[in-house]
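Trainee: I'd like to ask you about the structure that follows.
Where a number appears in this text, it was derived from the coordinates with a stated rule and is not lab data. Remember, predicted model here, so these are calculated numbers, not experimental data. All Cβ positions, glycine included, derive from the backbone under ideal geometry; neighbour counts span all protein chains shown.
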Protein chains: 2
Amino acid sequence: MNKQQLFQHIQKKQSFLCVGLDSDLKKIPDHLLENDDPLYAFNKAIIDATAPYCVAYKPNVAFYEALGDKGWMTFEKTVAYIRQRYPDQFIIADAKRGDIGNTGEMYARFYFNDMKVDAVTVSPYMGEDSVKPFLLYPQHHVVLLALTSNKGAQDFQLTEDCNGERLFEKVLRISQTWASDEQMMYVVGATQGHLFEDVRKIVPHHFLLVPGIGAQGGSLEEVCKYGMNSLCGLLVNSSRAILYADSSEDFADAAHDEAKKLQLQMADMLTKYLNK
Amino acid sequence: MNKQQLFQHIQKKQSFLCVGLDSDLKKIPDHLLENDDPLYAFNKAIIDATAPYCVAYKPNVAFYEALGDKGWMTFEKTVAYIRQRYPDQFIIADAKRGDIGNTGEMYARFYFNDMKVDAVTVSPYMGEDSVKPFLLYPQHHVVLLALTSNKGAQDFQLTEDCNGERLFEKVLRISQTWASDEQMMYVVGATQGHLFEDVRKIVPHHFLLVPGIGAQGGSLEEVCKYGMNSLCGLLVNSSRAILYADSSEDFADAAHDEAKKLQLQMADMLTKYLNK
């Protein structure tokens, strides 16, 4: 899926919601634990309930990896389910990988060729040759960590060099020389508020994956005010607020309602800030 | 295993060799492909051949993850095999993970509780709260990426702030406040040569995991001259040079010889630089 197609889906659905599949055996409703693959049953129900209101899904790889070989089967089945039932959804493996040469190639081949996700989150710390293997797949996307939503983002990402350029700004600037805005996207946390202005000075045309609204305290309005561009350019993620809106047998209805609520807010934001 | 025990093994074996298990179906000898689990058969043979000459194994997670659920079973069996047969070996999962809060906790629990490795490599980009979940296991170790061996290390890791402190130096300095040198180790690439002097000014007592000798061109002598401390403080990794020393049925003998050759060089280095 290219940027233009993603934007068309955003316009059609009036939503730029990404549902994060941080699916945790300890948090899903008890009655699902009777299934052969409880997480898959949970994911299917969440996906069916939310698909009309979102344009992307982001399975968080850690939650599947933590279950060993069974977890990977759940991951693969979940991606295949989305692909088959909802082919217009953009799928991001939130893996935060990043390694050099042949190691990076292994990761890229696995996620893009085998798992068939559209995009993978990648850490920039090891530099160009740790990101390049993922860019060898022109139909796929790298979502590079730039300015994350957590408190630890302050430890290194905001460090200024002698010219006053902060590390996240350098990551944005330098990584643009590795691929175009068709292939590269960035993680920018909703909690960073007005720093979206600084991000957009460097990457006006890129899509940004934005975690951190809801539980983490980021403001959707602020993200849109400072971050939206002429193709929307935002995929705003919500995980726990949707997945665990209700812990009873009605969990899917509650997830539906939560996703719809966010979609309606996003429709307002598109009216207010798109092309402004 | 604590630092002192690791040092005792180094003294006993006169080796600080870490064998990197970057085991690749495309590179292992053809005759092994007839096995039910060819990579496990390969790993067992490599481990049996090299165990007398090394003190650590470092399975590179990408190579197992790339095979999906089957790969994870191979990973788990490999770690269990080392644990059972060679309990004095230090096992590092080279995963380069790093994620916040509950996600980081999932990774930490999986690698330390379930997979039972001694240490995991972690990326520092997201800061303290992405590393802390791994530090909740006091008997286990974080090997934090500081100054890697690849060309891309130049892109961000060498960026100087206004006080002339480079990013890798800041990572070393700040991360020391998160845990002691009993729990924290660092990745420093052998290709960085004399920069080991700068690393040791900040972390004189920590163990360093050193990739990049052999195929990548780093010098063992230089690493030892600038990097060795009173507990050795080095785990020097070799992967391809050992694993793929020979592609015939004699691959294990060739791996044995290659590991022994490195061990002899390391014994010389210990004589020359330990307590100097």
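Trainee: Using a label point 7 angstrom from Cα along Cα-to-C-beta, what distances in nm, from shortest up, separate B:S247 from the other copies?
Mentor: Taking the point 7 Å beyond Cα along Cα→Cβ, the inter-copy spacings are 5.6 nm.
Trainee: Which one, A:P87, A:T103, A:A146, is farthest towards the positive end of the dipole of segment A:79-156 when Lys and Arg carry +1 and Asp and Glu -1 on their Cβ?
Mentor: A:P87
Trainee: Same structure, new question: Distances in nm, one decimal, shortest first, from A:H194 to the same residue in every other copy, taking the label point 7 angstrom along Cα→Cβ.
Mentor: Here the equivalent label points are 4.6 nm apart from this one.
Trainee: Here is a follow-up. Once Rh is set to the Kirkwood radius over Cα pairs, what Stokes-Einstein translational diffusion coefficient, in µm²/s, holds for chain A at a temperature of 20 °C and a viscosity of 1.002 mPa s?
Mentor: Rounded to a whole number, D works out at 114 µm²/s.
Trainee: List the residues whose amide H sits under 5 Å from the amide H of B:A146, counting only those 5 or more places along or on another chain, with H placed 1.01 Å from N in the peptide plane.
Mentor: B:V187
Trainee: So how far, in whole Å, is the C-alpha centre of segment A:1-36 from the one of segment A:63-95?
Mentor: 10
Trainee: Within segment A:3-273, what percent of beta bridges assigned by DSSP are antiparallel, to the nearest 5?
Mentor: Close to 5 percent.
Trainee: Report relative contact order for segment B:35-121 in percent, whole number only (criteria: Cα-Cα under 8 Å, sequence separation at least 6).
Mentor: For segment B:35-121, the relative contact order is 30 percent.
Trainee: Let me ask something else. Could you pull the copy-to-copy label distances for B:D30, with points set 7 Å along Cα to Cβ, in nm to one decimal and sorted shortest first?
Mentor: Reported distances to equivalent positions: 5.9 nm.
Trainee: Taking the convex hull of the alpha carbon atoms in segment B:158-210, what volume per residue do you get, in Å³?
Mentor: Looking at segment B:158-210, the number lands at 74 Å³ per residue.
Trainee: Something else now. Calculated FRET efficiency, A:K12 and B:Q139, Cβ-Cβ r, R0 60 Å, to nearest 0.05?
Mentor: With R0 = 60 Å, the Cβ-Cβ based efficiency is 0.65.
Trainee: Could you tell me the relative contact order of chain A? Use alpha-carbon pairs under 8 Å, at least six residues apart, and round to a whole percent.
Mentor: Reported as a whole number, the value is 21 percent.
Trainee: Let me know the charge dipole size of segment A:43-108 about its Cα centre in debye, to the nearest 20, where only the beta-carbon of Lys, Arg (+1) and Asp, Glu (-1) is charged.
Mentor: So the magnitude is around 200 debye.
Trainee: Placing unit charges on C-beta atoms (Lys and Arg positive, Asp and Glu negative, everything else neutral), compute the dipole magnitude of chain B about its Cα centre in debye, rounded to 20.
Mentor: 720
Trainee: Right, next: Ratio of Rg to Rh for the protein assembly as shown, alpha carbon only, Kirkwood?
Mentor: So for the protein assembly as shown, dividing Rg by the Kirkwood Rh gives 0.98.
Trainee: About the Cα centre of the protein assembly as shown, how large is the charge dipole given +1 on each Lys and Arg Cβ and -1 on each Asp and Glu Cβ? Please answer in debye to the nearest 20.
Mentor: For the protein assembly as shown, the charge dipole is close to 720 debye.
Trainee: Moving to a separate point now. Given B:K116/B:K260; A:K201/B:K96; A:K3/A:K58; B:K96/B:K116, which pairs have Cα atoms separated by over 19 Å?
Mentor: Cα-Cα > 19 Å for B:K116/B:K260; A:K201/B:K96; rest within.
Trainee: On to the next question. Quickly estimate the mean residue ellipticity at 222 nm for chain B, helices only: each DSSP H run with n ≥ 4 gives -39500 (n - 2.57), and the total goes over all residues, rounded to 500.
Mentor: One gets -12500 deg cm²/dmol as the mean residue ellipticity at 222 nm.
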